[in-house]
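Report on one structure; see the data block that follows.
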């Protein structure tokens with residue numbers, strides 16, 4: 001397998017359709033406030049704004065390519081500073097693994113929200129130290145560099161064990177080296193036992 005080309009909005013139609021389905025299923029009563037953490041040129045949400053009314057849209061990118069983009073290196077510290085819990089739609093359409101950013105965001109969700117994650121398997125499928133730790137694999141082990149191992153790690157991060165969130169519904173789609181996830185999550189009600197609802201797989 002060759003290396004993954006870093007192309008903004010590869011599979012644009014699939015990304016837009018995934019978000020469309022999730023937002024329609026979520027039926028938010030409150031206006032949509034979108035935090036787009038790797039906005040690029042903003043093509044995904046340019047399409048969606050024609051269909052969904054947004055009360056706010058905050059695009060962020062280390063290399064801004066459209067007016068109004070907040071120039072930022074998206075790190076867990078940045079996520080903490082930007083008060084991500086204010087948003088009910090959070091889009092993490094990054095290259096490589098989205099898990100570190102998602103873990104930081106998940107800690108700060110205090111309302112029902114739609115989450116979009118892009119997991120791109122770069123190159124031959126190198127697995128990060130963070131993913132190895134989640135799977136209980138020591139860094140020193142020489143494991144095969146295979147894409148399916150990197151993808152397997154996703155189940156440990158979709159809802160981290162230390163985060164009190166419930167998945168109401170979930171979608172997954174795959175194209176080439178990328179896997180796309182759409183989630184509707186809500187804070188766990190302490191009066192109810194933790195549980196995951198049945199996930200839909202549309203990919």
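The values are calculated or read from the model by the stated rules, or taken from the named source; none is laboratory data. Computed from a prediction, not measured in an experiment: that's the story for all the values here. In this analysis, Cβ positions are derived from the backbone assuming ideal geometry, glycine residues included, and neighbour counts consider all displayed protein chains.
A few points about this structure:
- Considering only residues in segment 67-77 that are in a loop (DSSP other than H, G, I, E, B) and touching a helix residue (DSSP H, G or I) at 6+ places or on another chain (Cβ under 9 Å), the one that is surrounded by the fewest Cβ atoms within 10 Å (Cβ to Cβ) turns out to be 75.
Listed here are the residues, each with its yes/no results for (1) modelled with pLDDT of 85 or more; (2) in contact with a strand residue (DSSP E or B) (Cβ under 7 Å, 6 or more places away or on another chain).
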| site | (1), (2) |
| --- | --- |
| 74 | yes, yes |
| 86 | yes, yes |
| 104 | yes, no |
| 108 | yes, no |
| 113 | yes, yes |
| 119 | yes, yes |
| 124 | no, no |
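- Residue in segment 89-102 that is surrounded by the fewest Cβ atoms within 10 Å (Cβ to Cβ), counting only those that are out of contact with any helix residue (DSSP H, G or I) (no Cβ under 9 Å at 6 or more places or on another chain) and at pLDDT 85 or above: 98
- Looking across 27, 49, 63, one residue alone is at positive phi and without any contact (Cβ under 8 Å) to a residue 24 or more places away in the chain. It is 27.
- Just one residue in the set 29, 33 is over 16 Å from residue 154 (Cβ atoms) and assigned to a loop (DSSP other than H, G, I, E, B); that residue is 29.
- Residue count for segment 47-56, restricted to those that are surrounded by 13 or more Cβ atoms within 10 Å (Cβ to Cβ) and out of contact with any strand residue (DSSP E or B) (no Cβ under 9 Å at 6 or more places or on another chain): 1
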